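The structure appears below as structure tokens.
Derivation of every value follows stated rules applied to the coordinates shown; laboratory data play no part. Nothing here was measured: the structure is a model prediction, and the numbers come from that model. Ideal geometry is used to build each Cβ from the backbone, glycine not excepted, and the neighbour counts take in all protein chains shown.
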Amino acid sequence: MTGRPFWDWDWVGRNGDLILDQAVQHLWLTFLAVVIGLAISFPLAVLAYRRRRLYPPIAWLTGTLYTIPSLALFAFLTPFTGLSTLTAEIGLVSYTLLILIRNIVTGLRAVPPEVREAAVGMGYTDRQLLWRIELPLALPAVVAGLRIATVTTIGLVTVTALIGQGGLGALMLGGFRRLYPELAVVLGVGLSVALAVAIDLLLFAGQRWITPWSRRAGDRVVAT
Amino acid sequence: MISLRDVSKVYDGAAPAVDELSLEIDEGEIVVLVGPSGCGKTTTLKMINRLIEPTSGEILVNGRNVLEQDPVELRRGIGYVIQSIGLLPHRTIRQNIATVPDLLRWERPRTRARVDELAEMLRLDHGLLDRYPGELSGGQRQRVGVARGLAADPPVMLMDEPFGAVDPIIRERLQDQFLEIQRELKKTIVFVTHDVDEAIKMADRIAILNIGAVVEQYDAPEAILSEPASDFVKSFVGLERGLKRLSLIKVADIEVEEGPIVAPTDDVSTALAEMERSGFGWASVVEEGRLLGWVDPGCLEGMASVGQYPPRRFSATVTDGSSLREALDTIVTSRTNVAVVVTNGGRYRGVLTLEKLTRELIA
């Protein structure tokens, strides 16, 4: 040891641009993974909800994907897709599917049967039922899934530093870790956790805002 | 208006849920399907708007076979109210009531006016319209359910235990309110319940169904109570058939006796003679047609005229709109053992006695 200090604010200040770039990169990789994951999960979940027999195979497939360790998955993919964003995203997206599909299906199944019966009895078509009633009512569960998927993905993005991506993970693996190893790790982990918490709160607030009924229901009951 | 012709619903490997049911429902009447649970009454109801498809037979609504119509269009033209209500939790009360008008793409101002009208009709406070269903009481929710069923002014309504989810006091209030509305609207209504008292109260005609939706009797409530067609009907209608019949007859429907009357200006000897003559042992004090109360010989001791004694008040009176069941209740709980009949304005009409009610039941 050469007596380097553990923390160096000067260094942090001089590398502010780099840190910010990595944070933005981190968010971008997360955003891509969750949006693509949702785009794949949504039709599969609706299908699994409408045709109950399809749910077990879909759940099994996505569950299997979920159990593959991330390092192994990246190692397996690299020969085909290289050290690329594509490789990273294939992995990240795969891990969102189980969470998202399960939450969307759970949300749809939780729609009270009498609501569905009344709606069909009043002349809703299948499509109107899905878009105007079932999905809006499933929103809290869907957003809950999005929150878990997002927080999980923010953590996993760090690992993709191993294949040359990684956002804040790259901070930890980057060249300067030899200079300030503790600082790099603490900064990387700290910022990554901060991002996860911030996005989670944002999604939670967003859900409260778009589902005013779940906010107000139960707050007060007016007597007849 | 609605005809079911040899309608059956058979599920695989089970006895028919509905077995060749035929039923005619006239325009503007409330027909109540009543029977034990599992008798097929709800299945029958749901076949009319094709929530359940019949296995065989045909169902005509307004002369058109429902099986040849687009189910979605059909349902938008028929009001549907269920026990569990099924309000859309994510829509305000206003949006809930407007459900079918919105599906039919009514112009906004028209829908708005219609919702306001229905809120008034069902006495839903205007402030409730912007709330969500989760914020309302059970009684309010059921009224919203009825308003929603009526929203697009469908000629036909299907109601499956529409007042089943509230306590008896509120249920009674909702029933009265709905009957009042129905007198104006004259919808053709098929109403399902398992509660005989509700059936008797709501129905123009009752169809008593046995397992397999076999019609045991299809008749006016009065006829079902006085002439039950089978032992099944008799046991289903249960005890107190006499009392139930009394609840169907209004005081206005029968003749009242004149009863003993005195005027405040009468002198005591005239009054005592009147009590003696009538055999009641007391008399109503009536001044220019208005009922003031009653007196008996004890009250008048030492008085010169009836008016010198402040008449005692009747603890309860009945009006023309009261049922004979209410009259009976008044008779057995009053000190004088009669029910005094007054008009809504408090004018004296006469008296009802236990003997009179008994004669009415036997007739």
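Points worth noting:
Results for (1) in a loop (DSSP other than H, G, I, E, B); (2) out of contact with any Asp or Glu (no Cβ under 6 Å at 6 or more places or on another chain); (3) away from chain A (no Cβ under 14 Å); (4) free of Cβ contacts under 8 Å to residues at least 24 places away in the same chain, shown as yes or no for each residue.
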| residue | (1), (2), (3), (4) |
| --- | --- |
| B:Ala15 | yes, yes, yes, no |
| B:Val31 | no, yes, yes, no |
| B:Leu45 | no, no, no, no |
| B:Ile52 | yes, yes, no, no |
| B:Glu73 | no, yes, no, yes |
| B:His90 | yes, yes, no, no |
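- Residue within the stretch A:178-187 that is buried (at least 19 other Cβ atoms within 10 Å of the Cβ), in a helix (DSSP H, G or I), among the hydrophobic types (A, V, I, L, M, F, W, C) and within 14 Å of chain B (Cβ to nearest Cβ) present: no
- Taking the listed residues B:Gln95, B:Gln142, the one that is in a helix (DSSP H, G or I), closer than 29 Å to B:Met1 by Cβ and of a type in the set (S, T, N, Q) is B:Gln142, with no other qualifying.
- Selection of the stretch A:80-127 for residues being out of contact with any Lys or Arg (no Cβ under 7 Å at 6 or more places or on another chain), within 14 Å of chain B (Cβ to nearest Cβ), among the small types (Gly, Ala, Ser) and not in a helix (DSSP H, G or I) yields only A:Ala110.
- When the residues of the stretch B:149-207 are filtered to those that are of a type in the set (Lys, Arg) and not in a strand (DSSP E or B), the one that is farthest from B:Trp106 (Cα to Cα) is B:Lys201.
- Out of B:Val295, B:Val306, B:Val285, one residue alone is in contact (Cβ under 8 Å) with a residue 40 or more places away in the chain, of a type outside the set (D, E, K, R) and crowded, with 19+ Cβ neighbours inside 10 Å. It is B:Val306.
- Residue within the stretch A:191-201 that is farther than 30 Å from A:Phe6 by Cα and assigned to a helix (DSSP H, G or I) present: yes
- Scope the stretch A:125-172; condition over 23 Å from the mean Cα position of the chain (by Cα) and either in contact (Cβ under 8 Å) with a residue 12 or more places away in the chain or crowded, with 23+ Cβ neighbours inside 10 Å (or both); matching residues: A:Leu129, A:Leu130, A:Ile133
- Among the residues of the stretch B:223-251, those that are without any contact (Cβ under 8 Å) to a residue 60 or more places away in the chain, polar (S, T, N, Q) and in a helix (DSSP H, G or I) comprise B:Ser226, B:Ser235.
- Among residues of the stretch A:36-67 being of a type in the set (Gly, Ala, Ser) and within 13 Å of A:Ser94 (Cβ to Cβ), the one that is surrounded by the most Cβ atoms within 10 Å (Cβ to Cβ) is A:Ser41.
- Residue in the stretch B:119-132 that is over 26 Å from B:Glu73 (Cα atoms), touching a residue at least 24 places away in the same chain (Cβ under 8 Å), within 12 Å of chain A (Cβ to nearest Cβ) and in a helix (DSSP H, G or I) present: yes
- Filtered residue count, the stretch B:240-282, keeping only those that are more than 30 Å from B:Leu225 (Cβ to Cβ), crowded, with 17+ Cβ neighbours inside 10 Å and β-branched (Val, Ile, Thr): 3
- Filtered residues of the stretch B:265-315 (kept if part of a strand (DSSP E or B) and either farther than 23 Å from B:Leu354 by Cβ or touching a helix residue (DSSP H, G or I) at 6+ places or on another chain (Cβ under 8 Å) (or both)): B:Asp267, B:Ala283, B:Val285, B:Glu287, B:Arg290, B:Leu292, B:Val295, B:Ser305, B:Arg312
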